[in-house]
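Chemist: Please read through the structure below; I'll follow up with questions.
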Amino acid sequence: MREIKAIFGVLILLAGALLAYKALPAYWANFKLDSMIADEAIYYTNFPKPPEVIAAAVASKAQEYNVALTPQQITVDYQGRNLTISIAYTEHIDFPGYPFDLNFKNSTTNQNVMK
């Protein structure tokens, strides 16, 4: 009986390690992407561009983090002195026996204090 419990425990640990191996890169890329859009909001607050240009720039920089974003998934909104960049995307994880999707939504707002 103890051998069965030990084998079952090892299988659970292996399943957890495989889940971490599959899912952690998506979470890490999302973390880096969140930092990148915060930097982009600071830059484009001080050097304004049309929303379409900002969305295209953010989408191209997202490729560096292996996140396939299109400019349509990025919302850029100017409200007075504030610039808000929002993204929403889904990352598919192929876990054996249970594939699933991770939904990420990031948003950042920056205010231009120089105007």
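Chemist: Determine which lysines satisfy two conditions relative to LYS32: a Cα distance under 22 Å, and not lying fewer than 8 residues away in the same chain.
Modeler: By straight Cα distance, LYS32 reaches LYS22, LYS61, LYS105.
Chemist: Take the chain, connect every pair of alpha-carbon atoms lying under 10 Å apart with a spring to form a Gaussian network, then pick out the residue of ALA20, ALA59, ALA68 with the largest mean-square fluctuation.
Modeler: Its mean-square fluctuation being the largest, the pick is ALA20.
Chemist: Provide ARG81, ARG2 ordered by accessible surface of protein heavy atoms (probe 1.4 Å), highest first. Kindly include the intermediate steps, with their values, before the conclusion.
Modeler: On the way: ARG81 105, ARG2 200 Å².
Descending order: ARG2, ARG81.
Chemist: Still on this structure, please answer the following. Based on the alpha-carbon gyration tensor of segment 1-44 and its eigenvalue square roots a ≥ b ≥ c, which shape applies: rounded if a/c is under 1.5, prolate if not and a/b is larger than b/c, or oblate?
Modeler: Details: a/c = 11.52, a/b = 6.99, b/c = 1.65.
Because a/c hits 1.5 or more and a/b exceeds b/c, segment 1-44 counts as prolate.
Chemist: Under a point spin-label approximation (7 Å from Cα along Cα-to-Cβ), what is the ASN103-ALA6 distance to one decimal in nm?
Modeler: Here the modelled spin labels are 4.5 nm apart.
Chemist: Here's another thing I want to ask about it. Roughly speaking, what % of Cα-Cα pairs in the chain are separated by over 18 Å, rounded to a whole number?
Modeler: Everything past 18 Å amounts to 58 percent.
Chemist: Trypsin sites (Lys or Arg not before Pro), restricted to segment 12-70: which are DSSP loop and have at most 10 other Cβ atoms within 10 Å?
Modeler: In loop regions of segment 12-70 (DSSP not H, G, I, E or B), there are no sparsely surrounded trypsin sites (Lys or Arg not before Pro).
Chemist: If I fit a long axis through the Cα atoms of helix 51-62 and take the longest principal axis of the Cα atoms of the chain, what angle between them do I get, 0 to 90°, rounded to 10?
Modeler: Helix 51-62 sits roughly 30 degrees off the main axis of the chain.
Chemist: Determine the share of the chain's accessible area contributed by carbon and sulfur atoms, expressed in whole percent, with a 1.4 angstrom probe.
Modeler: On the way: 4750 of 7820 Å².
The C+S portion of the solvent-accessible surface of the chain is 61 percent.
Chemist: I would also like to ask the following. Run the reach check for LYS49 against aspartates and glutamates, Cα to Cα strictly under 16 Å, same-chain hits fewer than 8 apart removed. What comes back?
Modeler: Filter leaves ASP39, GLU40, ASP77.
Chemist: In terms of solvent-accessible area of protein heavy atoms at a 1.4 angstrom probe, what is the ranking of THR84, THR75, highest value first?
Modeler: Sorted descending by solvent-accessible area, the residues read THR75, THR84.
Chemist: Could you provide, to the nearest whole Å², the per residue accessible area of the chain with probe 1.4 Å?
Modeler: On the way: 7820 Å² over 115 residues.
Using a 1.4 Å probe on heavy atoms only, each residue of the chain averages 68 Å².
Chemist: What distance in nm separates the simple spin-label points at THR84 and LYS61, each placed 7 Å from Cα in the Cβ direction?
Modeler: 2.0 nm
Chemist: Report, in degrees rounded to the nearest 10, the 0 to 90 angle that the Cα long axis of helix 2-46 makes with the longest principal axis of the chain.
Modeler: 0 degrees
Chemist: Next question. Work out how much length ASN46 to ASP94 would gain on full extension: take 0.36 nm times their residue separation and subtract the Cα-Cα distance, in nm to one decimal. All intermediate terms of the calculation are to be shown ahead of the outcome.
Modeler: Details: separation 48, 0.36 × 48 = 17.28 nm, distance 4.11 nm.
Between ASN46 and ASP94, full extension yields 13.2 nm more.
The values are calculated or read from the model by the stated rules, or taken from the named source; none is laboratory data. The structure displayed is predicted, hence computed values, not measured ones. Positions of Cβ are backbone-derived with ideal geometry, glycine not excepted, and every protein chain shown enters the neighbour counts. Heads up: the accessible areas ignore ligands, DNA and RNA and are worked out on the full protein's heavy atoms, side chains in. Shrake-Rupley method; radii C 1.70, N 1.55, O 1.52, S 1.80 Å.
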